Every structure is written in C-alpha cells, then in structure tokens.
Amino acid sequence: MSSYLIKGARPLGGDPTNILIEDGVLTAVGTSVSGGAQVIDADGLIALPGLVDLHTHLREPGREDAETVETGTRAAAKGGWTAVHAMANTDPVADTAGVVEQVWRLGRQYGWVDVRPVGAVTIGLKGERLAELGAMADSAAGVRVFSDDGHCVWDPTLMRRALEYVKAFDGVVAQHAQEPRLTEGAQMHEGVVSAELGLTGWPAVAEEAIIARDVLLAGHVGSRLHVCHVSTAGSVEILRWAKGRGIDVTAEVTPHHLLLTDELVRSYDPVFKVNPPLRTAADVQAVREALADGTIDIVATDHAPHPVEAKDCEWGVAAMGMTGLETALPIVQEAMVDTGLLTWAQVADRMSVAPARIGRVGSQGRPIAAGEPAHLTLVDPAARWECDPAAHTTMGRNSPVRGRTMHGSVVATIYAGRATVLDGKLNEALLEVPL
Amino acid sequence: MRHLLSTADLSRDEAISILDVAGQMAATQRREIKKLPTLRGRTVVNLFYEDSTRTRISFEAAAKRLSADVINFSAKGSSVSKGESLKDTALTLKAMGADAVVVRHPISGAPHRLANAGWIDGTVVNAGDGTHEHPTQALLDAYTLRSRLEQDAPGADLKGRRVAIVGDVLHSRVARSNVRLLTTLGAEVVLVAPPTLLPVGIGDWPCSTSYDLDDVVGGGHGDLDAVMMLRVQRERMNAAFFPSAREYSRRYGLDARRMAKLPEHALVMHPGPMNRGLEITAEAADSPRSTIVEQVANGVAVRMAVLYLLLSGQSEGEGA
Ligand SMILES: [Zn+2]
C-alpha cells in the first residue's frame, strides 16, 4: 500500500497541518507529523473528506456510448469524489440484485471511487410493481438508496409502500419529483422565458405538488424520504415546513441549479436542457439559501453524460441532462463559498458527510482525524481555469459551464489511501496497485 | 441583418425599411413583367418540415420573381424524432451552396439553431417554428395594416393604432411575432383569449390582455383599428383548453354581431387557413373589411423584400 505525507493542508479550511496516510488510514494529523513514502505539498490547499455523490448517471450497462463505469469513475475522481451513487436508469434497469452487483463489481474493478449502485424502486422504472428491493439490499452491492430517477414514482400508494418497505433494511427512497400529467411534453421552466420562446412549460408546481405529497406520506408512515434535484423556491418552503414538523426528509440540489437560470435557454442551445429545468434567478437564490441553512442537505451532481449527437440538434428533440462530476466543486465554491454562504466545513458537510449519511456509506464522510479511513480531497481555492468540455475525463461533452471561469480546482483525491488524482491529474499508475 | 429569426430582432427602422421595400416590390408586381433580375445566380432553399403549401408557395413566388434559383426541400415525414436530421440536412444544403434557407419546422427554435450552430453559412429565414414565431407573417400583417390605414406611406409606422389579436395565443407563432413587431412599430396590442390559451409568463409582454371579446370589440380597451383572428385547432378541446367548439365560437368567435360593434374603419384579419364557423363566421371572413385575401397577396411582396434585403446586403446596419 502507498503512504503519503500531506504537508500544510488546511482541514475544512482551518489552520495548516500535516496528514499522514498509511495502509488506507489517516494514521496521524498534526503540525509536527512526518514520515510517509511520498510527500504531497498542500500549501494553501483545503483538505475535505472525500466527496460523496448521491446522484450520478454512469450509463453502464446499456449506454456505453455515453459513459461507462470506468470513464465515469475516472471523471469522479478528477472532480474530487471518492464515492458515487450510480443511478438505476441503465439498460437493463438496475432493478435486480444481478444488475446492481454487476455495477458494483465494475466499480471495484476499476478502483477510482466507491461505486454504490442505486436500485430501482419499480420494475423497469415503470411505476407499476415494486422491484425486489430486499434482494438488492442484501446483495453484495448492499443497496440502501432506491430511485426511479428519470421517472417520478407517481402512484401514491406505490410510493407509500416503497417508503414503508425499505425501512426493513434502513433504505431510503430518492424521489424524482415530477407530476407527469403537468409536465407532458415539457421543455423548460414555465414562466416569462418559456412564454416568449414558445417552448412547453415545466411548471414549478409539478415538482412542488409531488414533494408536498411525499413529505406527508413519509411523515404518515414514519419513513425516510430523499428528494432529488430540488429546483424551486416553492419546494424549499415545503421542505422547510416538513423538517419543522420533524419529518425525516433530506434533499439535494445540483450544481447547475445553484448557478444557472432559464435565461440561458434563449440561445436554444440544448446544452442547457435538463430535467428538472433551469429555473429563475429567484429560485437560484432560494436553493442557495436553503443549502446554506440546511433545508437542502446536500449537493448532488445529477451527472448525465450524453453522446454529442443527443445535444447537437434542435432543442425539442435533444436529450435532457448535463455533466457535473468535474465542475461541481468549482461551482459550489463560486455559488456558495465565494459568496460567503458556506464555509469549507459546511461544504464538507453538504458534499461528503451528509450524502454519506443519507446513502449509509459508513466508511465515508468521516472526520479528518487519526484512525479514520483515508478518503480525502485537496482543493486549491485560488485556482482559476476555463471549463473546456473537450478536456474533460467524462465521455460527455455536455457541460453547461463550457467556457466559464471555474473557481478552485481539485489538486488531489485520495480514495482508500490511494491517490487517484495527484497534481490535478489522474494517477494512472494506480492501475497497477490492487485495492 | 444576417438572418430573420424573430421580429424581436428588428428595430423600428429595420422593420419600416422592410415595409417600404415591400411597397416597392408590390408596385413591380402590378407591372406586366413581374420578374426582377436582383437575385440572379443566388440559391434559395425552401426547407419545410411541416406541410404549409401557402407559405411555401409564397416564398417560392417571392424568390422566383427576384430571379433566384429555388430548391424545394420537403423534409416532412423524414424522421424529426431523430434529432440529427436537421443538422445532416443543413450540411447537405451547405455543400449545395445555398445562399438562403427558408425553414419551417415544428420545433420552436429550430431556425435559431440552424442559424447559430455552425451547420451552414447562408442566411436563415424563419418561415414558422413550432409555437415560437412566424416573422414574415407578422411583417405581411403589418404591411397590410399600413397599406390600409396609412395608405402605405413610405416611412410610416403604426403609432397610435390599436389591434386586437384573438384566439389561441398560447400555441400561436403568429401572435408572438405580431406582438413584438406591431409594438415596435408603435401600435397597441390587446390579446383576447380564454385564460387557458394565454401563456403563463405573459405579464412581461408589451401588450394588454382580456378574456372578454365583447368588451374589446365594443371599445373596452379603446377603439380598435383591426381585429386579427387566430386559427384554433378543434383538438385543443380534448386537452381541456376549452369545453367545446360551440362554446369557443360563442365566446371568442368573430361573427356579424361582434363585427358590427367595431369602428367603421376597423379591419378583420386572419393569417389563414381559417376554420370557418369556429373562430370566424363566413360573414366576417367575406366582409368588405376583411383583408384576408389581400394578406396573401401582400405575403409575396413582403417575402420579396425580406429576401432582397437579406441577400443583396443592402439592409441598414449589421447585427439585427
Ligand atoms: Zn432525476
């Protein structure tokens, strides 16, 4: 196993210190700590617990033309992640123990991050019959997060049963909140811009109505609910109310919903087409404030790579989704840290500690302290770079922040005691080191 | 002006210069020899992803009377669901050396994409995109209004004129283009529709709205100079936009009774094709105040002006 001495890093943005990593463990943290085979100069860098993404589309099996477990997890490491939850909308759908174990094994085989498969709630994401949730939970993949993401579990009785059923193995249902009848043919946020552009609207109420229903259901049956990609100010109000009532609900926001608005759709460039859609500036402000005050618990990427042709076309036929793994942390820095809304310690909570807790990833999201598993991300907050999708590690070129100046960069990622990224580059030598 | 994608891109002066040139073009069309040599050697492609014989014929006549070579490319039925088709077609047109592409497409923004995605070099003219815009229709409507109300005086705008646009605004590219163009030209616009057929977000549009056609034709928003009736599809009632065709025409149709409440000089307009008996009765459509046939004739002159200004590079200024 490798050993590293990280010199002069600032854990959670605090005072500089040294961190010794040996055999996959943080063996010592302190200003006088020394030793280690390889020194990582971390002067000026922030040390965060390795980032945990609760919402990643790795596309394999079935859409290897868009992304594979290998390319997606390399991109994840590059972006500072040490665990990703691979969404179930693959082909075949991850609705059996066999498929989730396949994805989990691929993750182990490549070894760039911990791949935690998400199991489908319903067979084939069809919203009709429960998938074998218990079998997926008991499989080698140890699934704890269940989601039909891409589709809303619309049937209220089915949603209720799913919420109840997963309690048996401490699972959580992650809902893609979208009332289907209110969003038929929807192309973008319904409001001033959609009215002008003549694009069918995706009204905020279609998200809010489902969240309202689901928090009431979760409260009624005493279950844990997670809300994917919260995008509207109204959703934030409902979540705030639910949490105030003691309902066990958590929520995520994507980097793009923290930064971008529906004004960008005026270009008709499908790179800005995403589900849920980009909302208004007031919504962006509301989700930022909610992330700051904890109403929204975490940032999750909803990384959704697509082949070029799926975006190099007219808006109306383009695929929905944006890449996010390699730009999430810079966007969070720009939108939340550089604006004074979050401290780095809070970033660690929103991007590592809380998502690991929601996903029940026990070994991650841990304190940076002696004796803890060695999953770390080193960030240079002073770095500025231009986002060039062609240079990204993901196969997806559909980055909505193309050409923008990124705030901060990931200098190193340590996963299970091994540097997956060093000097901002993937550590290809890692392939020779068994996990 | 490189492309014509939206009337929102037109300044007042640019819009007036198009109307002025259209007036000159119309004059040439009253001569015995209608054909002008202006665009000889230039190629205009009519790229139609939707059936619209009248719009295509109008553009075709306009281009031919300017001596351009015209290629009609009917892509209807080709798989629009396969998104690459527009791009691939565009690359073909580029290879053919099209100077202008007149595009009609069921997807809002498709002409914008064609003009800006780097797929072609030529000029793009939006001949109607989804529920977004139909700029040449609005230009011919403005031209018709100006020729009737202002004797087509060169340089004139529509200041102080008031136009009601009635019907399915939500799904209407004609309404969107007209609101922008008519207000740019100084007219006031009142949109009249059942609330279901006005888009959420319309509050920012530079016009007023009403749910009450009787009030508007009776002068509730001031004396009208024209009423423009929009085509409404019967199928909309299946999606609960209105309960029945009968109730729609009772509340929002233009009939002789409502027409009688209009000021004497007020015009009755319709972009066509009409649903007689639904949004307009025969008495209204065929009355002397109806400009419906005239609108068709004016369409050729306006499209000649647009092609001429775009392709001969004599438009005022860049960046439109
Ligand atoms: Zn989703």
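The values are calculated or read from the model by the stated rules, or taken from the named source; none is laboratory data. Here the structure is a predicted model, which means the values were calculated and not measured. Note that each Cβ is placed from the backbone with ideal geometry, even for glycine, and that neighbours are counted across all protein chains shown. Accessible surface is based on the protein model in full, side chains and every heavy atom, while ligands, DNA and RNA are left aside. Shrake-Rupley method; radii C 1.70, N 1.55, O 1.52, S 1.80 Å.
In segment A:89-142, the residue that is nearest to A:Arg161 (Cα to Cα) out of those that are charged (D, E, K, R) and surrounded by fewer than 18 Cβ atoms within 10 Å (Cβ to Cβ) is A:Arg129. Within segment B:41-54, is even one residue under 18 Å from A:Asp312 (Cα atoms) and among the hydrophobic types (A, V, I, L, M, F, W, C)? There is no residue in segment B:41-54 that is under 18 Å from A:Asp312 (Cα atoms) and among the hydrophobic types (A, V, I, L, M, F, W, C). Among the residues of segment A:144-164, is there at least one that is of a type in the set (A, V, I, L, M), open to solvent by less than 20 Å² (accessible area, probe 1.4 Å), away from chain B (no Cβ under 14 Å) and touching a His at 6+ places or on another chain (Cβ under 6 Å)? Yes, segment A:144-164 has at least one match.
The residues listed here are A:Val299, A:Val308, A:Val274; of these, the one that is closer than 21 Å to A:Glu326 by Cβ and either open to solvent by 20 Å² or more (accessible area, probe 1.4 Å) or polar (S, T, N, Q) (or both) is A:Val308. On inspection, A:Ala76 passes the criterion of being under 30 Å from A:Val308 (Cβ atoms), of a type outside the set (Val, Ile, Thr) and open to solvent by less than 10 Å² (accessible area, probe 1.4 Å). Kindly establish whether A:Met351 is buried (at least 20 other Cβ atoms within 10 Å of the Cβ) and under 30 Å from A:Tyr268 (Cβ atoms). The answer is no for A:Met351. Contact annotation: residue pairs with Cβ atoms under 6 Å, 6 or more positions apart or on different chains, pairing a residue in segment A:225-254 that is more than 12 Å from the ligand (Cβ to nearest atom) with a partner that is open to solvent by less than 20 Å² (accessible area, probe 1.4 Å) and basic (Lys, Arg), are A:Thr232/A:Arg279. Give me the residue from segment A:25-53 that is assigned to a loop (DSSP other than H, G, I, E, B) and not aliphatic (A, V, I, L, M) and, out of that set, surrounded by the most Cβ atoms within 10 Å (Cβ to Cβ). Restricting to residues being assigned to a loop (DSSP other than H, G, I, E, B) and not aliphatic (A, V, I, L, M), the top hit is A:Gly50.
Cβ-Cβ distances below 8 Å connect the following pairs, each with a first residue in segment A:151-180 that is basic (Lys, Arg), a second residue that is open to solvent by less than 10 Å² (accessible area, probe 1.4 Å) and more than 15 Å from the ligand (Cβ to nearest atom), and a separation of six or more residues or different chains: A:Lys167/A:Ser223. If only residues of segment A:136-158 that are within 15 Å of the ligand (Cβ to nearest atom) and in contact with a Leu (Cβ under 8 Å, 6 or more places away or on another chain) are counted, the one that is farthest from A:Leu217 (Cα to Cα) is A:Gly150.
Examine segment A:59-75 for a residue that is within 16 Å of the ligand (Cβ to nearest atom), within 15 Å of the chain's Cα centre (by Cα) and either closer than 23 Å to A:His229 by Cα or not small (Gly, Ala, Ser) (or both), and state whether such a residue exists. Yes, that holds for at least one residue.
Take residues that are of a type in the set (Ser, Thr, Tyr) and tell me which of the helices (runs of 4 or more DSSP H) falling wholly in segment A:152-260 contain 2 or more.
Hits in segment A:152-260: A:156-165.
Is one or more of the residues making up segment A:397-411 open to solvent by 40 Å² or more (accessible area, probe 1.4 Å), closer than 25 Å to A:Ala28 by Cα and modelled with pLDDT of 95 or more? Checked segment A:397-411: no residue is open to solvent by 40 Å² or more (accessible area, probe 1.4 Å), closer than 25 Å to A:Ala28 by Cα and modelled with pLDDT of 95 or more. Being closer than 15 Å to A:Pro255 by Cα, in a helix (DSSP H, G or I) and either free of Cβ contacts under 8 Å to residues at least 40 places away in the same chain or aliphatic (A, V, I, L, M) (or both) is the filter here, so list the residues in segment A:330-347 that pass it. A:Ile331, A:Val332, A:Ala335, A:Met336, A:Val337, A:Val347 - these are the residues of segment A:330-347 that are closer than 15 Å to A:Pro255 by Cα, in a helix (DSSP H, G or I) and either free of Cβ contacts under 8 Å to residues at least 40 places away in the same chain or aliphatic (A, V, I, L, M) (or both). Restricting segment B:253-283 to residues that are in contact with a Lys or Arg (Cβ under 8 Å, 6 or more places away or on another chain) and of a type in the set (Gly, Ala, Ser) leaves a set whose member that is nearest to B:Ala138 (Cα to Cα) is B:Gly272.
For segment B:75-96, the criterion of being open to solvent by 20 Å² or more (accessible area, probe 1.4 Å) and at pLDDT 95 or above is met by none of the residues.
Could you grab me the full set of residues in segment A:314-332 that are facing chain B (nearest Cβ under 7 Å) and either under 23 Å from the mean Cα position of the chain (by Cα) or crowded, with 24+ Cβ neighbours inside 10 Å (or both)?
A:Glu314, A:Trp315, A:Gly316, A:Ala318 - these are the residues of segment A:314-332 that are facing chain B (nearest Cβ under 7 Å) and either under 23 Å from the mean Cα position of the chain (by Cα) or crowded, with 24+ Cβ neighbours inside 10 Å (or both).
Checked across segment B:122-140, the condition of being at pLDDT below 95, open to solvent by less than 30 Å² (accessible area, probe 1.4 Å) and at negative phi holds for at least one residue. Number of residues in segment A:412-425 that are farther than 17 Å from A:Ala83 by Cβ and open to solvent by less than 30 Å² (accessible area, probe 1.4 Å): the value is 1. Picking from residues in segment B:33-71 that are open to solvent by 70 Å² or more (accessible area, probe 1.4 Å) and under 19 Å from B:Pro273 (Cα atoms), the one that is modelled with the lowest pLDDT is B:Asp51. Residues in segment A:183-203 that are surrounded by fewer than 22 Cβ atoms within 10 Å (Cβ to Cβ) and within 16 Å of the ligand (Cβ to nearest atom): A:Thr183, A:Ala186. Considering segment A:190-232, and only residues there that are touching a Ser or Thr at 6+ places or on another chain (Cβ under 7 Å) and within 14 Å of chain B (Cβ to nearest Cβ), the residue that is farthest from A:Ser267 (Cα to Cα) turns out to be A:Ala206.
From the list A:Glu22, A:Glu64, A:Glu70, the one residue that fits, being open to solvent by 40 Å² or more (accessible area, probe 1.4 Å) and without any contact (Cβ under 8 Å) to a residue 12 or more places away in the chain, is A:Glu64. Within segment B:180-193, one or more residues are without any contact (Cβ under 8 Å) to a residue 40 or more places away in the chain and more than 23 Å from B:Ser290 (Cβ to Cβ).
The set of residues in segment A:387-396 being exposed (fewer than 15 other Cβ atoms within 10 Å of the Cβ) and touching a residue at least 12 places away in the same chain (Cβ under 8 Å) consists of A:Asp388 alone.
In a residue-by-residue description of segment A:286-303, the property of being assigned to a helix (DSSP H, G or I) and within 14 Å of another protein chain (Cβ to nearest Cβ) applies to no position.
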